[in-house]
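Below is one structure, written out as structure tokens, with a few remarks after it.
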Amino acid sequence: MANKNNTRTEINKGPGVIRTYTGLYLNVLNPDPELICIEDIAHALSSLCRFGGHTGVFYSVAEHSVRCKLMAQEQFKYGCTESHQQKADEMMAALMHDASEAYLVDVPRPVKELLPRYYEIENNLMQVIAKKFGFTLPLSERVTNIDNIMLQREWDNLMLGVHWQVLSRDAARSMFLKEFDAIEMFREYELKQL
């Protein structure tokens, strides 16, 4: 009987407190930046399916985020005037724009609009994530446009027919972490040049 009580205590740490993949307990209502880690974000986003799971194949939020980052990176190749640091920040924002969903899950936009408290919690959590990982909120017009372009492509290719090769959960997690590390290396390169 004692084990059941201990288990219940272990599970319920209070309103808004969740246990993460790495074993941390994060209060999403009052997030501590020290308890937010990239491994938890990559793991959770690679386990969450876009469109509330209603795709013909499993397509993760992590893969969506990687595609957004790669699109941002591609746009920087063509006559942009942003500084090295601005490029790094934009690529990080593109990769991490849905990072709060690692802790709050991916709620489809039409449903999210009905949940005003969700937006408040999400915005607060995203502020902490943005500060920790070095990108600016609100998201830039570029990142917002990339997210919307990717949403339309995903809709056309995954909801109206399966025309994309998608990554496995493990591959999406690995790719997310690889792209995160690439941005960090890009930032470090700039610092070494100063």
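The numbers here are math on the coordinates, done by the rules we state, and not lab data. Since we're looking at a predicted model, the values are computed, not measured. Here the Cβ positions follow ideal geometry from the backbone for every residue, glycine too, while neighbour counts run over all protein chains shown.
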Total charge dipole magnitude, the chain, about the Cα centre, Cβ charges on Lys, Arg, Asp, Glu only, Debye to nearest 20: 400 debye
Separation between Cα centres of the range 136-194 and the range 44-79, rounded to whole Å: 5 Å
Protection proxy ranking of 19-25, 37-43 - average other beta-carbon atoms within 10 Å, highest first: 37-43, 19-25
Degrees separating the helix 2-11 axis from the principal Cα axis of the chain, which is the longest one: 30 degrees
Spatially near lysine pairs across the range 41-194, Cα under 26 Å, sequence gap of 8 or more or different chains: 21
Percentage relative contact order, the chain, counting C-alpha pairs under 8 Å, at least six apart: 29 percent
Between helix 141-154 and the chain: long-axis angle, C-alpha atoms, 0 to 90°, nearest 10: 70 degrees
Label-point gap, in nm, between Tyr189 and Thr81 - each point 7 angstrom along Cα→Cβ: 2.3 nm
Fully extended contour minus Cα-Cα distance, from Gln165 to Ala182, at 0.36 nm per residue: 3.8 nm
R0 of 41 Å, Cβ-Cβ distance Glu113-Arg19: FRET efficiency to nearest 0.05: 0.90
Angle between the chain longest axis and helix 116-133 axis [Cα atoms, degrees, rounded to 10]: 60 degrees
